[in-house]
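These notes are about the structure you will find just below.
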Amino acid sequence: MGRREHPTPPGLSLVTLALSLLVPASCMEITVPGVVYALNGTDIRLPCNFNSCYKMDIKQFSMNWTYRGCDNCTEEMFIQYDKKIINQRLERFQNRVEFTGNPSKNDLTVTIHNVQLQDEGEYLCYVLNPPDRHKGTGKIRLEVLTEVPPERDSTVAVLVGASVGGFLALVILLLVVLKCVRKKKMQNLNSEDQKTEEEVKTDGEGNPEGELKVCEQ
């Protein structure tokens, strides 16, 4: 005989649905720049801001920053927040990393002083704000430059802009001239029409054309 399936009682389905609605959903948002460029030997800020539906509870809130040199490399934690900021002081950074954010203002920024070429890699900001059970993650790629990139040559852009501007000015000038010529022509036509009307009016009040005036003796 086949296995008999028992339908789920309606009451149980409603209870399951109610419990699922009571489970807090994730509302954690992390805002970080995708890529940050730094000049070798300078200081650079790695900003990380979070937004949560729940008020921050310092006793439950947790955060940490990790570094990894490549996609397959192991992450190394160098900053942690557990009721207070804890700097792990990794040997690679040699005390060059400083927490410069403010957790109470949703700011988890860190600053790297005297950036070195070996600091290149991915920096990950992890945030957990219970009762939200889902951890937020922000990833930043740090690119270290050895020299300031040259400014883009704007000569071509200036020449193109000047050419376009000159062309537009010429078009506008031609339109103005044409408008003036048309207006002058209309004025001349109106003057001629008015003169013709005056002549006709004068002839009507004087001697009609073709009529001879007879003088009495």
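The values are calculated or read from the model by the stated rules, or taken from the named source; none is laboratory data. Owing to the predicted nature of the structure, the values given are computational and were not obtained by experimental measurement. In this analysis, Cβ positions are derived from the backbone assuming ideal geometry, glycine residues included, and neighbour counts consider all displayed protein chains.
Quick look at the values:
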read-out	value
Looking only at region 96-136, and only at residues there that are under 24 Å from the mean Cα position of the chain (by Cα) and loosely packed, with under 15 Cβ neighbours inside 10 Å, the one that is farthest from Ile30 (Cα to Cα)	Lys105
Hits in region 66-105 - residues which are β-branched (Val, Ile, Thr) and touching a residue at least 12 places away in the same chain (Cβ under 8 Å)	Thr66, Ile79, Ile85, Val97, Thr100
Criterion (of a type in the set (D, E, K, R) and on the phi > 0 side of the Ramachandran plot) met by exactly one of Arg96, Arg89, Arg133, Arg68	Arg89
Conditions (1) at pLDDT below 90; (2) in contact with a Gly (Cβ under 7 Å, 6 or more places away or on another chain); number of the one not met by Thr155	(2)
Condition broken by His134, with the remaining ones in (1) touching a Leu at 6+ places or on another chain (Cβ under 9 Å); (2) in a strand (DSSP E or B); (3) not charged (D, E, K, R) satisfied	(2)
